[in-house]
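Beneath this line is the structure, given in structure tokens, with notes to follow.
The values are calculated or read from the model by the stated rules, or taken from the named source; none is laboratory data. Being a predicted model, the structure only gives us computed values, none of them experimental. Cβ sites come from the backbone with ideal geometry, for glycine too, and all protein chains shown count toward neighbours. Accessible surface areas use protein heavy atoms only, side chains included; no ligands, DNA or RNA. Shrake-Rupley method; radii C 1.70, N 1.55, O 1.52, S 1.80 Å.
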Amino acid sequence: MTVIIDGKAIAKDIRLELKEEINQLKQEGVTPGLAVILVGEDQASQTYVRNKDKACAEVGIHSEIYRYPAELTEAELLSKVDELNKDDNIHGILVQLPLPSHISEDKVIDAISPLKDVDGFHPVNVGKMSIGKDAYYSCTPYGIIKMLEKENISLEGKHVVVVGRSNIVGKPAALLSLKESATVTVCHSKTKDLSSFTRQADVVIAAVGKAKFLKADDFKPGAIVIDVGMNRDEEGKLCGDVDFESAKEVAGRITPVPGGVGPMTITMLLFNTVKSAKLHAAKAVF
Ligand code: GUN
């Protein structure tokens, strides 16, 4: 029997734990604060930012949303980031990507204090993660690791095949799996005979951004299938990178889309913001 991993339920449990932690922090005079910057009118980004704001309110995190027109200059954005870096009420700063093409994403990410980089995108946090140290980890791959932990699935000695090599998901998913003592293979768009790799995997993490790209034949019977995809199928319905209907006949466990990895991403943003508030309150750094 295939187990469908309920990301929504796992995320809800973690958010309840965070809510209790936040109430405790508030009694000690600390309210975790997150600043979100949105530049331009991108529809998907507007929805993501609204969902982040709502999730903060639900657990009791103070959130400030800064919305700017697409004409905002790079200098103006860097100046806002600098102001937030110095703001003691703000423990996490998130600049929603993508940014308009006249603004360098690298420059903006570099300008965020690594101690407030709750997205885990700053090179200091990426570097620390790559040498197995504590840091802010990118929310989607960190959410996958937490989800597996909550499902009592250990990655130790397992062969994890990551399909996709993006800086936000694929690469950090590989590094975090390695930190959990998995044997890791990273495949990408130039990989030859992809399914010869995925068929060897105990765990497949699909992060390619192509609707229903991986099918039942691409998996070993009993494999754990983690689907990071967020695509629309031919009928405009939300679907993952995995053809769920066929894959669930082969997989041992599988995450659905929606309701799998998605709810974990914002949860880990809340988690990282609370972690930052605690570290700032203790005047500690990692
Ligand atoms: N755009 C799409 N996903 C993300 C994310 O996780 N963080 C930010 N800052 N922008 C995004």
Residue 262 being in contact with a helix residue (DSSP H, G or I) (Cβ under 9 Å, 6 or more places away or on another chain) and either modelled with pLDDT of 95 or more or among the basic types (Lys, Arg) (or both):
yes
Any chance you could count how many residues in region 73-84 are open to solvent by less than 60 Å² (accessible area, probe 1.4 Å), out of contact with any Phe, Trp or Tyr (no Cβ under 7 Å at 6 or more places or on another chain) and closer than 28 Å to residue 29 by Cα?
2
Can you confirm whether region 27-35 contains a residue that is at pLDDT 95 or above, touching a strand residue (DSSP E or B) at 6+ places or on another chain (Cβ under 8 Å), over 22 Å from residue 267 (Cβ atoms) and surrounded by 20 or more Cβ atoms within 10 Å (Cβ to Cβ)?
no
Region 157-202 - residue that is touching a residue at least 40 places away in the same chain (Cβ under 8 Å) and over 19 Å from the mean Cα position of the chain (by Cα) and, of those, most open to solvent (accessible area, probe 1.4 Å):
200
Which pairs have Cβ atoms under 9 Å, sit 6 or more apart or on different chains, and link a residue in region 86-100 that is part of a loop (DSSP other than H, G, I, E, B) to one that is among the hydroxyl-bearing types (Ser, Thr, Tyr) and away from the ligand (no atom under 16 Å from the Cβ)?
89/31
Of all the residues that make up region 101-121, how many are among the β-branched types (Val, Ile, Thr) and free of Cβ contacts under 8 Å to residues at least 24 places away in the same chain?
1
Here are some residues: 44, 70. Which one is over 18 Å from the mean Cα position of the chain (by Cα) and either open to solvent by less than 60 Å² (accessible area, probe 1.4 Å) or not charged (D, E, K, R) (or both)?
70
Filter result (open to solvent by less than 40 Å² (accessible area, probe 1.4 Å) and either near the ligand (Cβ under 10 Å from one of its atoms) or within 28 Å of residue 158 (Cα to Cα) (or both)) within region 118-131:
118, 119, 120, 125, 127, 129
What number of residues in region 273-286 are in contact with a Leu (Cβ under 9 Å, 6 or more places away or on another chain) and under 18 Å from residue 20 (Cβ atoms)?
6
